[in-house]
Amino acid sequence: AVVSTQSGHYGRVMKFLRVRQEVTKGVKYVQSPVRDYYVDRVKGELSVSEIECTDVLVPPYPVRTTINKVFGDYNRLVEDLEKHFQETEDYPPSYFHIDATFCKVIIPGQFADSVFRFLEKKGF
């Protein structure tokens, strides 16, 4: 009796596998290219902000653009941003600060709109 239940179970599993094979016949799986970096959203929105720097003693306080929730290869993101700024800005930023501890990239200046457009165009 034990052998017949095992063979009955085996038969059902094989039938299931044949049906699954038939369903997926002709389906080709394409692996999407792996991204070098990723910028996550917070509640559906990209977290790009302009923050006034209060660590400077005298006003007017300079502004820094901060990109939050950055993961992956920060250097590739900075390279792509540099290229974007060279094409779109009259006065691109002279440096970028990578804060890997808090998953941020900080850019001196008011570039939130430009960064947002760049990230949207990249599909984030």
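What is the gain in length, in nm to one decimal, between Glu120 and Tyr61 on full extension, counting 0.36 nm per residue of separation less the C-alpha to C-alpha distance?
Extra length from Glu120 to Tyr61 when fully extended: 18.4 nm.
Packing-wise, with mean Cβ within 10 Å as the measure, how do 77-84, 90-97 rank, highest first?
Highest to lowest by the protection proxy: 77-84, 90-97.
Using packing as a proxy for protection, rank 68-76, 10-18 so that the peptide with the highest average count of other Cβ atoms within 10 Å comes first.
68-76, 10-18
Just to be sure I understand the model, the point goes 7 Å from the Cα along the line to the Cβ. What's the resulting Val13 to Ile98 distance in nm?
4.8 nm
Lys pairs in the chain, Cα-Cα under 17 Å, at least 8 apart or on separate chains: how many?
Total qualifying Lys-Lys pairs in the chain comes to 6.
When the scattering of the chain is computed by the Debye formula from its Cα atoms alone, each counted once and equally, what is log10 I(q)/I(0) at q = 0.10, 0.11, 0.19, 0.21 Å⁻¹?
For the chain, the Cα-only Debye profile gives -0.49, -0.53, -1.05, -1.21.
Bear in mind that the values in this text are calculations on the coordinates, not laboratory data. Small disclaimer: the values here were computed from a predicted structure and weren't measured. Positions of Cβ are generated from backbone atoms using ideal geometry, with glycine treated the same way; all protein chains shown enter the neighbour counts.
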